[in-house]
Amino acid sequence: MTGGSDKFVELLQRAGLDIVGDRRTTEEVLPPRAAWRPVIAFEAEPAVAVHLDRPDLAAELNTQWHRLAVKEGIIGEDGVFLIDVAGSGTGCVPRSWTRVRLTARWNLAGVLGERPGQPEFLTLSTDGNTLLGATTEEDEVWLVTVDRIKERQEAAARTKAQETPEERAAAWVSLLQGPRPAGRLRELWAHGLALNPSTPEDVRARLLGLSHFLLWRRLPTAVVEAAMVHPEWKVRQLLAEAQPNITAEQWARLILGEEHPRRRWVLTLLAADRRAELTETVHEQLSADSYAPVREETVRLPGLPPRTVTALAADPDPAVRAMVCARAWARLEIPVRRNLLGDPHGKVRAEALLQHHQDHPMPPSVFDSEDLEDRAAETCRLERELAENLARHGTPAQRCALAGNPHLERDLVSFLAQDPDENVRSVVATRPDLTEEQRSGIQIDFDPRVHHHALRWVTALHDDTDAMRRLAASSHPLVRRSVARAKHLPPDVIERLAQDEDRVVQLFLAESCDDAPAEMLLRVWQWWTGSLSTPDRPRSHPNFPRHGLLRYAEDPNRRMRQLALDDPESTPELVERFSRDTESEVRLRAAKDPRLTTASAVRMLDDPHEHIRDAAARHAQLPARVLVQLLRDTDTAQTAARHPALPVAVMEQMIQWLQPPTSAIPSP
């Protein structure tokens, strides 16, 4: 722990508290933000009030706190309780409960506050059902107790869930009454409205320049046009980076209209990354740009005319000429290639040689005279003498590079398969030109926990049924994993891979292959929660079971238990039961279920876990007064602004408050 966390630990130690266990673990109890509400509420009544002018103030408060803590069961039989501290100057410490135990020198009232004798802290029983808070009022310190917390939560949620049409209308009116929201709150509103699927396009267009999230979804042409001429560079940059709806003509105006050379380079780079199709006229203009990095990125643009490529091959900047060698060698005429091979700049010659020797064997004299590093050993055709010398006497890095060289002769491949360096043998073992018998004879130590990309040569064979059958039986897990990435596979291959001893093979089959069997998908579901690329698999897989899942409603495995809600015969009553499950993952599934009652959604806004609170905040039937409270809180404002039930009129009013007093943003 560092920074504010260190300060917080030091604070607790000065107060005479021992931390029990890992303080970063989320407790399955009311979160501190919600626990403070009844302590500082206007209607709160103290169990004990001690006047600030008392000479033994801290000692008296400690005595009274301990008496109440024992009486109310705050301190458990093992001496452990939960604590949260406010106003301690602890900086970036996350607001979460910490399990602590009193030591012989404890002094909570003298330490846990802005000054001794003016404490601000909460203590909670480990079952989360009884609270004792200390808070300093104008001339007194109050000790406030709250019991039956879970029961009170349920009752309060039922009350808040009730709302008449008149109350709903009044709540929306109240949102924008009073002073203009602070800058951070306005920023969060803008982000939420930009992500809200219910925000109308004409309203969304007015968010231009207020939220970067706006540009990540397809926008109408008029909004794209407005973004292209927006005065803020970041808006124009993000437009080029993320907006899917940009025409070739708009790309041309966006790039060529940028006066700042470095920004023009960034836009050209983004166009090349996104494989943007530009006109021949634009290609010519960019190839003649006064800023060399722009010309360098121009080489990467698709569809570059041959005469433009030739012109760039003679560019005065060596970085541009080197890029032409690396990216457009095959499109150059022989005289142009010859000039580049004799270029006065070493970087250009090196790139030219690497391309030239894809077809012409490289002699040792060239390898030794130019700065080709290990790339030549990995990709170039090498004369036999050079290849054999590298295989026998090269550095481990050179031998590793050579092991993947597609032009290497078979006897040298066999020689490297016995290399003393395990990394070299591992590269040989994934070569496409080996038989599976040869592959199985190479000794490697494959770590299944290490992330590997699929082998390109295997993915290129995904449509070859015979190749898939042969490779699915490979001894090498990475080969089998690469096979499992195919969208479709023969039934016998599916059957084999679904039982593979490497469970990552099964995972890839679940993520990529539409033919994966239901029983395997259920197995993977038990231990895999989804990746960034396929966050919903395996549950969203077309073969994932949809019926007969109610039998898992009592399953001790939380992953299986939540599946019961996917069964068509599941009931709203089961949703309610799962919303109170001891496992956060099951509660999250209930929070996302549209059958969840409004009262339970309101109650779950105070769940210990933020992702569950966010899911509850998007419940379709949340009362307006609850949404208004969420919109006014920086912790929840962005999620609340994404709520689909926000009235359009309210969105428009919110945007009026988001705009600067004098806006220079052009109308789309």
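Taking the stretch 626-646 as the range and being over 14 Å from residue 189 (Cα atoms) and modelled with pLDDT of 95 or more as the test, only 626 passes.
One line per residue, one yes/no per condition, for (1) open to solvent by 50 Å² or more (accessible area, probe 1.4 Å); (2) not in a loop (DSSP other than H, G, I, E, B):
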{"residue": "28", "(1), (2)": "yes, no"}
{"residue": "46", "(1), (2)": "no, no"}
{"residue": "62", "(1), (2)": "no, yes"}
{"residue": "84", "(1), (2)": "no, yes"}
{"residue": "101", "(1), (2)": "yes, yes"}
{"residue": "122", "(1), (2)": "no, yes"}
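What's the total number of residues in the stretch 513-530 that are under 16 Å from residue 484 (Cα atoms), surrounded by fewer than 22 Cβ atoms within 10 Å (Cβ to Cβ) and of a type in the set (Gly, Ala, Ser)? Looking only at that region, the number is 1. Filtered by the rule that a residue be in contact with a helix residue (DSSP H, G or I) (Cβ under 7 Å, 6 or more places away or on another chain) and in a loop (DSSP other than H, G, I, E, B), the stretch 570-585 gives 570, 579, 581, 583. Based on this model, can you work out whether residue 133 counts as in a loop (DSSP other than H, G, I, E, B), touching a residue at least 60 places away in the same chain (Cβ under 8 Å) and open to solvent by less than 60 Å² (accessible area, probe 1.4 Å)? So residue 133 fails the test. Between a residue in the stretch 167-182 that is within 13 Å of residue 626 (Cα to Cα) and any residue that is acidic (Asp, Glu) and surrounded by 13 or more Cβ atoms within 10 Å (Cβ to Cβ), which pairs come within a Cβ distance under 9 Å, given they are 6 or more apart or on different chains? The qualifying pairs are 171/163. Is one or more of the residues making up the stretch 174-196 open to solvent by 30 Å² or more (accessible area, probe 1.4 Å) and over 30 Å from residue 618 (Cα atoms)? No, the stretch 174-196 contains no residue that is open to solvent by 30 Å² or more (accessible area, probe 1.4 Å) and over 30 Å from residue 618 (Cα atoms).
Quick grid of which residues meet (1) hydroxyl-bearing (Ser, Thr, Tyr); (2) within 24 Å of residue 169 (Cα to Cα); (3) open to solvent by 20 Å² or more (accessible area, probe 1.4 Å):
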{"position": "556", "(1), (2), (3)": "no, no, yes"}
{"position": "570", "(1), (2), (3)": "yes, no, no"}
{"position": "576", "(1), (2), (3)": "no, no, yes"}
{"position": "584", "(1), (2), (3)": "yes, no, yes"}
{"position": "592", "(1), (2), (3)": "no, no, yes"}
{"position": "599", "(1), (2), (3)": "no, yes, yes"}
{"position": "636", "(1), (2), (3)": "yes, yes, yes"}
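When the test is whether a residue is more than 15 Å from residue 651 (Cβ to Cβ) and modelled with pLDDT under 90, residue 165 does not pass it.
Residue 366 meets all of the listed conditions (1) modelled with pLDDT under 95; (2) outside any helix (DSSP H, G or I) but one, namely (2).
Taking residues in the stretch 653-664 that are open to solvent by less than 80 Å² (accessible area, probe 1.4 Å), and partners anywhere that are in a helix (DSSP H, G or I) and modelled with pLDDT of 90 or more, the pairs with Cβ atoms closer than 6 Å and at least 6 places apart or on different chains are 654/189; 658/186; 658/190.
Take the residues in the stretch 414-448 that are open to solvent by 60 Å² or more (accessible area, probe 1.4 Å) and within 20 Å of residue 483 (Cβ to Cβ); name whichever of them is nearest to the chain's Cα centre (by Cα). Top of the filtered list is 448.
Number of residues in the stretch 137-158 that are assigned to a strand (DSSP E or B) and within 41 Å of the chain's Cα centre (by Cα): the value is 3.
For the stretch 388-400, the criterion of being closer than 30 Å to residue 339 by Cβ and free of Cβ contacts under 8 Å to residues at least 24 places away in the same chain is met by at least one residue. Within the stretch 365-413, the set of residues being over 41 Å from the mean Cα position of the chain (by Cα), open to solvent by less than 50 Å² (accessible area, probe 1.4 Å) and under 20 Å from residue 322 (Cα atoms) comprises 366, 367, 370. The condition of being closer than 30 Å to residue 289 by Cβ and touching an Asp or Glu at 6+ places or on another chain (Cβ under 8 Å) holds for only one of 335, 318, that being 318. Flag set for residue 461, criterion: open to solvent by 40 Å² or more (accessible area, probe 1.4 Å), of a type outside the set (S, T, N, Q) and within 21 Å of residue 430 (Cα to Cα). If you check residue 421 against the conditions, is it at pLDDT below 95 and farther than 19 Å from residue 474 by Cβ? Criteria not met by residue 421. One residue stands out among those in the stretch 197-209 that are part of a helix (DSSP H, G or I) and touching a Pro at 6+ places or on another chain (Cβ under 7 Å): the one that is least open to solvent (accessible area, probe 1.4 Å), which is 205.
Evaluate the stretch 210-233: report whether one residue or more is assigned to a helix (DSSP H, G or I), closer than 30 Å to residue 112 by Cα and not aliphatic (A, V, I, L, M). No, there is no match, as no residue in the stretch 210-233 is assigned to a helix (DSSP H, G or I), closer than 30 Å to residue 112 by Cα and not aliphatic (A, V, I, L, M). Could you tell me whether residue 493 is among the hydrophobic types (A, V, I, L, M, F, W, C) and surrounded by fewer than 23 Cβ atoms within 10 Å (Cβ to Cβ)? Taking the combined requirement at face value, the residue does not satisfy it. One residue stands out in the stretch 338-363 among those that are loosely packed, with under 14 Cβ neighbours inside 10 Å and closer than 21 Å to residue 293 by Cα: the one that is modelled with the highest pLDDT, namely 344. Filtering 629, 621 for residues that are closer than 26 Å to residue 180 by Cβ and open to solvent by 60 Å² or more (accessible area, probe 1.4 Å) leaves a single hit, 629.
With the structure loaded, tell me whether residue 122 is modelled with pLDDT of 95 or more and either of a type in the set (Ser, Thr, Tyr) or within 39 Å of the chain's Cα centre (by Cα) (or both) or whether it fails that test. It is true that residue 122 is modelled with pLDDT of 95 or more and either of a type in the set (Ser, Thr, Tyr) or within 39 Å of the chain's Cα centre (by Cα) (or both). Scanning the stretch 48-57 for residues that are out of contact with any strand residue (DSSP E or B) (no Cβ under 8 Å at 6 or more places or on another chain) and either in a helix (DSSP H, G or I) or closer than 20 Å to residue 102 by Cβ (or both) yields a single hit, 56.
A search for C-beta distances below 6 Å between a residue of the stretch 407-436 that is over 13 Å from residue 384 (Cβ atoms) and any residue that is of a type in the set (Ser, Thr, Tyr) and not in a helix (DSSP H, G or I), counting only pairs 6+ apart in sequence or on different chains, returns 436/474.
Residue by residue, here is whether (1) modelled with pLDDT under 95; (2) under 21 Å from residue 317 (Cα atoms); (3) crowded, with 16+ Cβ neighbours inside 10 Å holds:
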| residue | (1), (2), (3) |
| --- | --- |
| 262 | no, yes, no |
| 266 | no, yes, yes |
| 277 | yes, no, no |
| 287 | no, yes, yes |
| 293 | no, yes, yes |
| 297 | no, yes, yes |
| 300 | no, yes, yes |
| 303 | yes, no, no |
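Of all residues in the stretch 283-325, those satisfying the criterion of being assigned to a helix (DSSP H, G or I) and of a type in the set (Lys, Arg) are 295, 307, 321.
Here is a yes/no grid of residues against (1) assigned to a helix (DSSP H, G or I); (2) without any contact (Cβ under 8 Å) to a residue 40 or more places away in the chain:
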residue	(1), (2)
587	yes, yes
593	no, yes
600	yes, no
625	yes, no
635	no, no
643	no, no
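The values are calculated or read from the model by the stated rules, or taken from the named source; none is laboratory data. As the structure is a prediction and not an experimental result, all values here were calculated from the model. All Cβ positions, even for glycine, are placed from backbone atoms using ideal geometry, and neighbour counts span all protein chains on display. Surface accessibility is based on the protein's heavy atoms, side chains included, excluding ligands, DNA and RNA. Shrake-Rupley method; radii C 1.70, N 1.55, O 1.52, S 1.80 Å.
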